[in-house]
Amino acid sequence: MRLVRPLASLAAACLLSSTALVPLRAQEAPPAAPAPAAPTTPPKLIVAISVDQFSANLFAEYRNRFTGGFARLLDGQVFPSGYQSHAATETCPGHSTILTGSRPYRTGIMANDWIDQKAARADKKVYCAEDETVPGSTSEDYTVSDRHLKVPTLGERMKNANAATRVVSVAGKDRAAVMMGGHKVDELWWWGGKGFVSYAGRTMPAVVQRANAAVTRQIATAQPALDLPALCQARALPVQVGTRTVGTGRFERTAGDAGAFRRSPEFDGAVLALAAGLIQDMKLGQGATTDIISVGASATDYIGHGFGTEGSEMCLQMLALDRSLGDFFQVLDATGVDYEVVLTADHGGQDIAERHAQHGMPEAQRQSANLDVKTIGAAIGQKLGIAGPVLLGGVNGDVWYDIKLTAAQRAAVEREAIARFSADPQVEAVFTRKQVLATPMPGHSEPQTWSLLERARASFDPQRSGDLLVPLKPRVTPVPLPVGATVASHGSFWDYDRRVPILFWRKGMTPFEQPLGVETVDILPTLAALIHLPVPAGEIDGRCLDLDAGPGDSCRR
């Protein structure tokens, strides 16, 4: 049975045995081997993997079906209720928490995009991983930059402590690579649409050149429809979404379709292959100090947006990613390096409203056209006799007042906006900037118990966040009809977007599962403790998780 047509090797040396994925196959249990000794020294390589839009619900659905890389991670230390605890459950804020130990209010990455009405360009929208001061740039045609990340990553802290540390970041999205890599990277590569790219002026290593050549050949070759394992056949049911039908896709692709390549399991295979090649070529983990590589696997997010989190499409993606991770770990095993893996996600996601409705969820709806912020702002302006846009931004997130409003106009606009948003049956609440900033920062109580205001406070940056926050009710999808390439989304205050798995694995680690809620900001202090790297508690929000679950407390080593 074929899941994905094998991709040519990305390097002359051994990389992934099948960079896209070899077929799933039944495996005989290997003979029992003596359990490896529990590790007592710091790992030589940290491998931090983020699976974009990998919700805790998706993990729970497939965890008993995994036979590859995820199965290995399930033999480690499992935290099934990790949280991107803040309200801004988008890609950039989520990735900014994973290796900084800080919530978005501290990282400064409070959304994928925000409005800066003082920006010295016509386009006032700012992308989280851009340098908007570059002449001629826009939020859509931008120069990738780390300038908006306000805090150091784990890799930066490691390099500050020991300049010999190598810090590498590879991802399917620029914002994932930048937010996990940070400001001091030796190599940082992301998918640029036709190949892997980096900051201007950086020399492209031979392994990246080989990867790009292999991916170019892969995209130029048509991909036949994938075979469906029985597990996926049971999920292959068509669902009508506007003029589109989803739920039965099998990733058939015409030659040259780079967009379809990105929305398929092939994409993660290419990213992991490049990561494996950099580990090999740079001999990461083979020096005198601990190195770190972050890997952003983005295909799950593109597939979730394009087809939903159920159906044959996501089923194939989950099984394929499991296989691809297994191949990746085998390459790492062959290096002989003692490595520690942590895998988590930048946010979760929910399925399409139409399939939810079929499953008996009448509350599942698409956002009404009545909630268009531009339209609401125009109505308010007309009523109050104010020219201009009045309101900027979008619902299910931040809304800004026009900077040109007088104090009296702002007060009138705020009263009117609160009344109009609050009256809409799809709106859960309306929070003002003053309300959010008056809310104490959440402590370390279980994040599922936080109020909506506490969730908002954890991602509120006074310099960048909006004047109003407008969360929608649960199961309201912020993608109104008619839909285009995007049929599902995330970004809500609710746990289906906040809750993600956090999985640690290292050879010899004592298996353990902790069901209580923890946060992605706990990853940095946990890894820092393993490598004996001091991190002042006042500089981060996370707390160390004991990975021994026994008398040898890793948090106090």
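Here are some notes:
- Calculated log₁₀ intensity ratio I(q)/I(0) where the Debye formula runs over C-alpha points of the chain, q = 0.05, 0.07 Å⁻¹: -0.20, -0.39
- Gain on full stretching of the segment that runs from Lys283 to Thr432 - 0.36 nm per residue minus C-alpha separation: 48.5 nm
- Within segment 170-272, chymotrypsin sites (Phe, Trp or Tyr not before Pro) in DSSP loop having at most 15 other beta-carbon neighbours inside 10 Å: Tyr199
- Residues whose placed amide H lies under 5 Å from that of Arg366, excluding near-sequence neighbours: Thr477
- Under the combined filter of DSSP loop state and at most 14 neighbouring Cβ atoms within 10 Å, segment 439-495 retains none of its trypsin sites (Lys or Arg not before Pro).
- Size descriptor, Kirkwood hydrodynamic radius, that averages inverse alpha-carbon separations across segment 38-108, Å: 14.3 Å
- Segments 166-176, 396-406, 486-496 sorted - mean Cβ within 10 Å per residue, highest first: 166-176, 486-496, 396-406
- Working note: Cα atoms of segment 416-533, range along each principal axis, descending, whole Å: 59, 38, 25.
- In summary, the helical segments of the chain meeting the span-like criteria, namely a full DSSP H run, a Cα extent along the axis of 20 angstrom or more and a mean Kyte-Doolittle hydropathy of at least -1.0, are 206-220, 265-282, 311-335, 407-423.
- Highest mean first, the peptides 98-108, 63-73, 497-507 sorted by other C-beta atoms within 10 Å per residue fall in the order 98-108, 497-507, 63-73.
- For the chain, share of DSSP beta bridges that run antiparallel, in % to the nearest 5: 50 percent
- Estimated inter-spin distance, Leu481 and Ala387, nm [label 7 Å along Cα→Cβ]: 3.9 nm
- Sorted by Cβ neighbour density within 10 Å, fewest at the top, the residues His148, His183, His444: His444, His183, His148
- Diffusion constant of segment 191-249 at 25 °C, which comes from Stokes-Einstein with the Kirkwood Cα-pair radius and 0.890 mPa s, µm²/s: 163 µm²/s
- Computed over segment 246-372, the P(r) curve from all C-alpha pair distances, binned at 10 Å from the origin, holds 11, 33, 28, 18, 8, 2, 0 percent per bin.
- For the chain, leaving out every one of the GluC sites (Glu not before Pro) that falls in a DSSP loop and has at most 13 other Cβ atoms within 10 Å, the longest unbroken run is 364-557.
- Cα Rg over Rh - segment 40-194, Kirkwood: 1.00
Read-outs throughout are calculated quantities, based only on the coordinates presented, and are distinct from any laboratory measurement. Quantities reported herein were computed from a predicted structural model and do not represent experimental measurements. Cβ sites come from the backbone with ideal geometry, for glycine too, and all protein chains shown count toward neighbours.
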